[in-house]
Amino acid sequence: MNIPDWFKQPWPWYVAGPLIGLMIPALLLLGNKTFGISSSLRHICAACIPRKVPFFQYDWKKEMWNLFFVAGILAGGILAATLLQNPHPVAINPRLESELLQYGIRDYNGLVPGELFNWHSLFSIKGFLLIVAGGFLVGFGTRYAGGCTSGHAIMGLSNLQFPSLVATASFMAGGFLVANFVLPYILKL
Amino acid sequence: MDKISPKKHHRFLTENTDFETRSLDAVCVNESELNHPWWYNLKYLFPGLLFGIILVKSEVISWFRIQEMFRLQSFHMFGVIGSAVVVGIISVWLIKKFKVKTIYGEPIEFVPKKFNKGNVYGGLVFGFGWAMTGACPGPLFAQIGTGATIIIVTLLIAIAGTWVYGYFRERLPH
């Protein structure tokens, strides 16, 4: 298939951001759905392992749209990686590049650094912390906060919700702390 | 739940059968009253597909871009989130102003979110995880799609994290 080159290039923020913003009216118009993704994790829990936990005792089938939505995201990832793949490695700030070089990170071809996120590294302390502990914090934290970047930072802020502003500020504060003061120690392991 | 007026079209907003738990959530409150067969949900594959492509092509699900964002080394992520919110605010405002209905003719309604301490504690915890994995829940699905199979582990553990939260929920400060 002949796909123009500009389409395969990384999309600038002023293209991607507004398109993401349009997800909100799209889902509302399609069926009164509010944009949010972390809830899919809850629905999966409710569907697979409810185990008498009240938090998972609800009719998850009514929220099934969310699971189709994330299945679509997965398919979108496949499509983007096959048909629309950018042949060049991600271009990042040279300061970050030199910092990461100290930790032996040189592979910029994937969305995640190949040196850190692979099946082999899962069994090292560093890989375990990033993949397993990190994943746990994402799943636990998003539900505790009542939403993630999509549900709070994008949908919640679009509806001018104060709790979403607090949550978004907390995401950023938490990420800022770990990326600058904790992650360097993990990457040194 | 006093904020919800009894005049709302959707019965579930006034009856609040399951609102106490759901009110803390990002979604779940805006369900349809129409009883459609399950395959009506198939249409949500399309916005999902588009969203997945946007996430990959804009590199917002790149671990490197997330590191740049948290080190304030690039405007990219802030630009994406900021412009998405601007478009979102305008869209929501237009929908409210013109009382736009869904494609099935139902009124579109919004439920105010109630603040609780989980927004802060959970938000911080998620922020820690975001900086480590370089992904929030949506990107996990997209990253797996691009062939990073190891992220399946991250996703399964994130589901486990959600489950653990649900299990200990009553004992956590909210």
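The values are calculated or read from the model by the stated rules, or taken from the named source; none is laboratory data. Predicted model, so just to flag it, every value in this text is computed and none were measured. A quick note on method: Cβ atoms are made from the backbone with ideal geometry, for glycine too, and the neighbour counts reach across all protein chains shown.
Points to keep in mind about this one:
- Filtered by the rule that a residue be assigned to a loop (DSSP other than H, G, I, E, B), surrounded by fewer than 22 Cβ atoms within 10 Å (Cβ to Cβ) and more than 7 Å from chain B (Cβ to nearest Cβ), segment A:11-44 gives a lone residue, A:12.
- Among residues of segment A:162-189, those that are more than 15 Å from residue A:99 (Cα to Cα) and either within 20 Å of the chain's Cα centre (by Cα) or surrounded by 22 or more Cβ atoms within 10 Å (Cβ to Cβ) (or both), counted: 16
- Residue within segment A:83-96 that is more than 9 Å from every other protein chain (Cβ to nearest Cβ), touching a residue at least 40 places away in the same chain (Cβ under 8 Å) and assigned to a helix (DSSP H, G or I) present: no
- Residue A:122 being at pLDDT below 95, surrounded by fewer than 24 Cβ atoms within 10 Å (Cβ to Cβ) and within 17 Å of residue B:132 (Cβ to Cβ): yes
- Screening segment B:13-77 for helices (runs of 4 or more DSSP H) wholly inside it with 1 or more residues that are closer than 24 Å to residue A:64 by Cα and modelled with pLDDT of 95 or more returns the ranges B:45-57.
- Restricting segment A:137-148 to residues that are free of Cβ contacts under 8 Å to residues at least 40 places away in the same chain and in a helix (DSSP H, G or I), the residue that is nearest to residue B:135 (Cα to Cα): A:138
- All positions within segment A:108-136 that are under 19 Å from residue B:56 (Cα atoms), without any contact (Cβ under 8 Å) to a residue 12 or more places away in the chain and more than 7 Å from chain B (Cβ to nearest Cβ): A:114
- Filter pass, residue B:140 being buried (at least 20 other Cβ atoms within 10 Å of the Cβ) and more than 7 Å from every other protein chain (Cβ to nearest Cβ): yes
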